[in-house]
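**Student:** One structure, pasted below without further comment.
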Amino acid sequence: MGQKVMEERKASKRCGGVLPFIIGFLATCVLGWAVLPGLFYVEVEQPFKFSHTIHVEGQGMDCESCHFFRDDGSYAGFPTNEGCAECHAVDPEEAMEAIAEAGIDANDYDAIMKAEIGAIEDNLASESDENKQAEREYIVKYLIQGKEVPWLNYQYQPDNVYFSHKAHEGLDIAELAEMKKELSSVVDSAVFEGEAPEQNCNLCHLKDIDKNDTPPAFQQNILSGYSKMTMKMWKCERCHALKGQPNACYTCHK
Amino acid sequence: MSVARRAFIQMSVGATVGILFTPTVWTALDDVSIWTQNWPWIPSLKYGEVKGVPTVSKMCESGCAVKVRTVAGEAFGTEGNMDNPLSGGGICPLCANGVQVMNSPTRIKAPMLNGKEISWDDANKLVSEKLAAAGSKVAVISGDQTGTVNEVFSGLLASQGSDAFYSMPSDMQAADKAWTGLMGGSGQIGYDMENADVVLLAGADALESWGPTVANMKAFANNENGKFIFAGPMQTRTASVTSKWVPVPAEGMAAFTLGITYYVLQAGKSVPAADFDQFKAMVISGYTPAKVEAATGVKADAMAEIAKQLLAADNPVVVPGGSVAANGAAFALNLLLGGAMKVLPEFGKAVETAMTRSEMLKQDILKGVSADVLMVYEANPFYALPEQVKGAFTVAFDSVETETTAAADLVLPTPHAYERADDLATPYGVASATYSLGVPVSKPTLNVMNAADFVLGLADLGFENFDEVLEAKVTAVGADMDELAEGAAYVLEESADVSGVTLAASVLGKAAVPVKGTGAVALAPYTLLNVGTANQATTPNAPCTISNNQLIGDNMVVMMASATAKKLGVGVGSKVKLSGGNGDCEALVQVFEGVLPGVVAAPLGMGHTVGDEFSKGKGDNVYKILTVSSEAAAGASTWAGSTVNVAKI
Amino acid sequence: MQTKEFKIQWGMVIDIDKCTGCGACMVGCQVENNIAPMTKKDPYNYVQALTTDRDDAANKLKTLTWMNVYELTNGETFPNHETAYLPRPCMQCGNPACVPVCPVVATEKNEEGGIVSQIYPRCIGCRYCMAACPYHARYFNWFDPLWPEGMDKGLSPSTSVRPRGVVEKCSFCHSRYLDAKDKARQDGDDPMNLADGAYNTACADICPTKAITFGDLNNPEHKVHELAKSKNSYRLLEKLGLAPQVYYMSEREWVRELGDNNNADGGGHGAPSKSHG
């Protein structure tokens, strides 16, 4: 009787053993690194397609036309309708009148865009249909409504964070390249490749956005609602420490 | 234990350990911790360009020059306007909360007739009909002391053949009645408190509730070596920073002033006025220090000391508050002293048929108002003067719900001060004629219309809209529209002519005699800006600034000296009923040694029955118990000398 | 514990002889820092709804008055009675009592300028710091900040909105400091050597009598530097050794003596308190 049990036990030790443990371990490791992180994010599209290349290359605008420091040192990140309307100059009153005349419900944006109202169509500057439609969406849904476009900020920070672009204006990518190994967890090393651009936006923002035609989707965390790109506190602290800048709480919080 | 079960358990354990070696669990915990702080009802902030837009605020009767702070075009706060002499960078607690009042849910959203919404066109038709039927039986009550909108209302009255323009009771009115009514002067009195070396505030709570408070406070702060003396029945906030408090009962203020004048006359001062000899004789015989002490309780030594300081000063000024007689006595004293009292000329009119400011201040609202069509502009007479005001058909113009809009037949919402173009001309008390203009900061989101625009649609005064009226006014004033729109003020240094002015000797002697009511205790009502004025209730963020000396819970607090409390048989915390005037008020007692014995000090501005949760049902309405007595000699009514009976409950 | 020394020391000198107690500083502080008016109803907190209404501003134990004006009295009877008003922001002590007691380091004094920071997402609401502060300068969010409908569309961008359960206090309008540094950089000036008035708190800005003067106590070009050293200047509760960075000034001796509750010479207990607020 004892021998049979011993044999059974030996059999189970051999058969069970470490393998299921290893299988389980490796399976979740693979899942946990490759699959699950992606599930935490849902892709949200920007309100409409804004193409940097059309404006920068096509219209010859430079970065400062829309993204500049104001007189008081604050940074104008997203341009307001006032700026866009300098070229996308559709008079809201004229457009609303035309819509009313055409007998369309002012709240039915799809119908308005389909109707191809003269006041709006005359202003469209794009060539392709896709881009024309993007312009139409901007004008109908936002410009003539007097509403600012609710752009999704890839680097969105919560209200308790005070970030000053002015304080970081002096950072030079070429200089920082010397520290790229220490900064590897904060700044992707791809940023330091090639010729360093004049502005240092690439350090934190989407690389070479001025050459982008279709803005990438905003990856929203399903639990916290924040962007995947949102820089967490430890990254700010790491770079501050490496550059000898203060890490006092009030340096960044409000 | 079979192989399958053991394998399953081992695989699960492996999986559990494995997942811990991946970022999944840790980032999930981090995300969950952020999720726990994402409370959807906590508002998030808006960012954008921050600007300070200059404009004019009418939240108090005088009006002030402010800068409204906006972010991405949305107003969020108010600050002072350094470049404007009316503000000098500071603001009062009412304007500090202006944006919050503008965004309050008690804003009136559309024109209402007997509680039902109507269109502006229908309102215009209705009012036109009523006006046509009423003829000259039309009256206007205005709560705005300084705006050109008054000229528009006055023009309307003129076209109806009426002169029934009323302003809410104010020091400006009492001063005008004394100066132009009794003394034959013209223009408006001003006081250069910034450059005076001795300032006697004879009843004028200048640093809290008298005149253009912020401008007064700025003058006080800039006056490095000046000596300020406050005379009154109670130590108001003004008294907390003046060099001295002289306890003087409100009804005795005129006599007190004449008592000081006695010494000044004895020192040989004189004025080239037609009735100077008569005046001197009247004071020397009727207002000797002994007589004044007997009538008012103010010690002769105190008056002598003040007179000495005024005589020794290079540039003294007496600033009156209270009855017409008190104002007249102060002006006479100022003329004798020849100090920092100024007489300011009035600016030109925009609306030809409008009354002058002095004419607008002639009617005595305390005597009562009765009309077929009564228009009330941004004033709350149904709260402050409940018995005196009656109208067969009442039209109330205001931006927030008040007792008056609740009682009115037709309610026409006006834009908030920061949503409209408005102006202010020479608030009462400033040292030079000053004109300021404001442009809208925010776009109105409700169905509102500027009151002046509505009135211009009723009568043909030669203007299409209020903007045209303002342009005409700016031209009449002689100022530059662009500079004004940027927040600068237009200041005229000229003084008006004072020759031909009399000292009202025959009237003043009789009018200055203290007259008190029949109640057991004298009542000293006082106004605190953070508690609210007659026209503006306390603002949303102000209730936490209201101290336990004014309000405990929902109960108003009245203050009295310990001697008074002992006599009345009450102590700290006793509940009492004050009866007088048109009713009674309930209050709790607080012992405060800064009140004249025999006087109870009660805060005005509480006891609202209509309004938001911050003002409704708090305390009691002291306006109910004020008694109106007639200054027969001066031809005016006054609240000074109100008395009450106090009973413990 | 030692007093922390910084090159820049932001401080105030408040002239009691100019303060009329009007309360504009209190209201302005609330508007600048997004402090909601106290409303009784809370439609979101279902537990609260089952019990009683929230408190309104009459309950002074629950109000959030980062800047609080106290009324002082000389304790005499009529006619020798005198009053004065004393605005009290956070003292930003050089040697703060609240910092060492925080279990999670939500409050620290580690920034150049000496402003004691209070980080809301880190605070767990234990209120130990409130117990420690002798000036009662710290306030707890007993309730959620709820504005009357529509009133929260115009909020100040300077300060984040705090949920219930965290402690808050005056920060000398710290984001204005960061804004001033940005402006200095934009103008080509040194952000660590701001001119007098480049950075000013909301209360000092708004005060109609300019009773509150704000600036760098260590910088001889700032007005507060001289004012703090005047013979009429004093600090509250000096004896506790917390080295507050807010000074008060008054020509009246009874006001100055109230700074230490009339115990400046170490009189101990027994001397009656003459201040009530």
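The values are calculated or read from the model by the stated rules, or taken from the named source; none is laboratory data. Computed from a prediction, not measured in an experiment: that's the story for all the values here. So basically every Cβ, Gly included, is an ideal-geometry build from the backbone, and we count neighbours across all protein chains shown.
**Student:** Counting only residues that are more than 7 Å from chain B (Cβ to nearest Cβ) and on the phi < 0 side of the Ramachandran plot, how many does the range C:70-85 have?
**Tutor:** 6
**Student:** For C:Leu178, are the conditions met, namely being free of Cβ contacts under 8 Å to residues at least 12 places away in the same chain, within 14 Å of chain A (Cβ to nearest Cβ) and either buried (at least 23 other Cβ atoms within 10 Å of the Cβ) or more than 22 Å from B:Gln37 (Cα to Cα) (or both)?
**Tutor:** So C:Leu178 fits the description; yes.
**Student:** Also: In the range B:555-585, which residues are at the interface with another protein chain (Cβ under 7 Å from one of its Cβ atoms) and acidic (Asp, Glu)?
**Tutor:** Correct list: empty.
**Student:** Of all residues in the range B:529-566, which are part of a helix (DSSP H, G or I) and under 23 Å from B:Glu61 (Cβ atoms)?
**Tutor:** B:Pro543, B:Thr545
**Student:** Limited to the range B:1-51, what total is found for residues that are farther than 29 Å from A:Gly24 by Cβ and not in a loop (DSSP other than H, G, I, E, B)?
**Tutor:** Selection size over the range B:1-51: 3.
**Student:** Just name the residue that is nearest to B:Met82 (Cα to Cα) out of those in the range B:52-66 that are in contact with a strand residue (DSSP E or B) (Cβ under 8 Å, 6 or more places away or on another chain) and assigned to a loop (DSSP other than H, G, I, E, B).
**Tutor:** The extreme case among them is B:Gly63.
**Student:** Separate question: Among the residues of the range A:101-146, which ones are within 17 Å of A:Pro79 (Cα to Cα), in contact (Cβ under 8 Å) with a residue 60 or more places away in the chain and not in a helix (DSSP H, G or I)?
**Tutor:** A:Gly146, the sole residue that qualifies.
**Student:** Quick one: what pairs do we get from the range B:104-129, first residue within 14 Å of another protein chain (Cβ to nearest Cβ) and closer than 23 Å to B:Gln536 by Cα, second part of a helix (DSSP H, G or I) and modelled with pLDDT under 95, C-beta under 9 Å, 6+ apart or different chains?
**Tutor:** Short answer, once both residue conditions are applied: B:Ser104/C:Met151; B:Pro105/C:Met151.
**Student:** For the range B:237-250, check the following and say yes or no: at least one residue is of a type in the set (D, E, K, R) and in contact with a Lys or Arg (Cβ under 6 Å, 6 or more places away or on another chain).
**Tutor:** no
**Student:** Looking at (1) touching a residue at least 24 places away in the same chain (Cβ under 8 Å); (2) more than 21 Å from the chain's Cα centre (by Cα); (3) within 28 Å of C:Glu168 (Cβ to Cβ), which is the only condition A:Asn221 fails?
**Tutor:** Of the numbered conditions (1) touching a residue at least 24 places away in the same chain (Cβ under 8 Å); (2) more than 21 Å from the chain's Cα centre (by Cα); (3) within 28 Å of C:Glu168 (Cβ to Cβ), the odd one out for A:Asn221 is (2).
**Student:** Scan the strands (runs of 3 or more DSSP E) fully inside the range B:392-471 and keep the ones with 3 or more residues being closer than 27 Å to B:Val138 by Cα.
**Tutor:** B:410-413, B:422-425
**Student:** Has the range C:22-32 got any residue that is among the small types (Gly, Ala, Ser), facing another protein chain (nearest Cβ under 7 Å) and assigned to a loop (DSSP other than H, G, I, E, B)?
**Tutor:** yes
**Student:** So for the range C:40-61 (the condition being among the polar types (S, T, N, Q) and at the interface with chain B (Cβ under 7 Å from one of its Cβ atoms)), does at least one residue qualify?
**Tutor:** No, that holds for no residue.
**Student:** Do the conditions hold for B:Ala602, that is, is it in contact (Cβ under 8 Å) with a residue 24 or more places away in the chain and part of a strand (DSSP E or B)?
**Tutor:** In short, yes.
**Student:** Of all residues in the range C:86-125 being part of a strand (DSSP E or B) and away from chain A (no Cβ under 11 Å), which is farthest from A:Val161 (Cα to Cα)?
**Tutor:** Applying the filter and picking the extreme gives C:Leu86.
**Student:** Of the residues B:Thr78, B:Thr70, which single one is crowded, with 21+ Cβ neighbours inside 10 Å, under 21 Å from B:Pro440 (Cα atoms) and within 8 Å of another protein chain (Cβ to nearest Cβ)?
**Tutor:** B:Thr78
**Student:** Restricting the range A:191-208 to residues that are among the aliphatic types (A, V, I, L, M) and under 20 Å from the mean Cα position of the chain (by Cα), which is nearest to A:Ser227 (Cα to Cα)?
**Tutor:** Looking at the filtered set, the residue picked out is A:Leu206.
**Student:** Would you pick out the residues in the range A:165-191 that are touching a residue at least 12 places away in the same chain (Cβ under 8 Å) and within 14 Å of chain C (Cβ to nearest Cβ)?
**Tutor:** Selection gives A:His165, A:Lys166, A:His168, A:Glu169, A:Leu171.
**Student:** Using beta carbons and a limit of 7 Å, which pairs, at least six apart or on different chains, have the first residue in the range B:308-319 and assigned by TED's automatic domain parsing to the domain that holds B:Ala202 and the second one among the aromatic types (Phe, Trp, Tyr)?
**Tutor:** The qualifying pairs are B:Val317/B:Tyr191; B:Val319/B:Tyr191.
**Student:** Which residue pairs have Cβ atoms closer than 8 Å, lie 6 or more positions apart in sequence or on different chains, and pair a first residue in the range C:146-167 that is facing another protein chain (nearest Cβ under 7 Å) and surrounded by fewer than 19 Cβ atoms within 10 Å (Cβ to Cβ) with a second residue that is hydroxyl-bearing (Ser, Thr, Tyr) and part of a loop (DSSP other than H, G, I, E, B)?
**Tutor:** These pairs meet every condition: C:Gly150/B:Ser104.
**Student:** Same structure, new question: Of the conditions (1) modelled with pLDDT under 95; (2) buried (at least 22 other Cβ atoms within 10 Å of the Cβ), B:Leu528 satisfies every one except a single condition; which number is it?
**Tutor:** (1)
**Student:** Then there is this: Can you find a residue in the range B:246-267 that is more than 30 Å from B:Pro93 (Cβ to Cβ), more than 14 Å from chain C (Cβ to nearest Cβ) and part of a loop (DSSP other than H, G, I, E, B)?
**Tutor:** Scanning the range B:246-267 turns up at least one residue that is more than 30 Å from B:Pro93 (Cβ to Cβ), more than 14 Å from chain C (Cβ to nearest Cβ) and part of a loop (DSSP other than H, G, I, E, B).
**Student:** Looking for something closer than 30 Å to A:Asn221 by Cβ and not in a helix (DSSP H, G or I) - is there at least one such residue anywhere in the range A:52-65?
**Tutor:** Looking for residues that are closer than 30 Å to A:Asn221 by Cβ and not in a helix (DSSP H, G or I), one finds none in the range A:52-65, hence no.
**Student:** Okay, moving on. Just give me the residues in the range B:605-649 being under 25 Å from B:Ser506 (Cα atoms), in a strand (DSSP E or B) and not polar (S, T, N, Q), in sequence order.
**Tutor:** The answer is B:Glu631, B:Ala636.
**Student:** Going by the structure shown, is A:Lys243 surrounded by fewer than 16 Cβ atoms within 10 Å (Cβ to Cβ), closer than 24 Å to C:Arg185 by Cα and among the charged types (D, E, K, R)?
**Tutor:** yes
**Student:** Using the structure shown, decide if B:Val507 is buried (at least 16 other Cβ atoms within 10 Å of the Cβ), part of a loop (DSSP other than H, G, I, E, B) and either among the aliphatic types (A, V, I, L, M) or assigned by TED's automatic domain parsing to the domain that holds B:Ala602 (or both).
**Tutor:** no
**Student:** Counting just the residues of the range B:537-549 that are of a type in the set (S, T, N, Q) and either buried (at least 24 other Cβ atoms within 10 Å of the Cβ) or touching a helix residue (DSSP H, G or I) at 6+ places or on another chain (Cβ under 7 Å) (or both), which one comes out farthest from the other protein chains (Cβ to nearest Cβ)?
**Tutor:** Among those residues, the one meeting the criterion is B:Thr538.
**Student:** Can you pull out every residue in the range B:393-414 that is hydrophobic (A, V, I, L, M, F, W, C) and either surrounded by 21 or more Cβ atoms within 10 Å (Cβ to Cβ) or free of Cβ contacts under 8 Å to residues at least 24 places away in the same chain (or both)?
**Tutor:** Once the filter is applied, which keeps residues that are hydrophobic (A, V, I, L, M, F, W, C) and either surrounded by 21 or more Cβ atoms within 10 Å (Cβ to Cβ) or free of Cβ contacts under 8 Å to residues at least 24 places away in the same chain (or both), the range B:393-414 yields B:Val395, B:Ala396, B:Phe397, B:Val400, B:Ala408, B:Leu410, B:Val411, B:Leu412.
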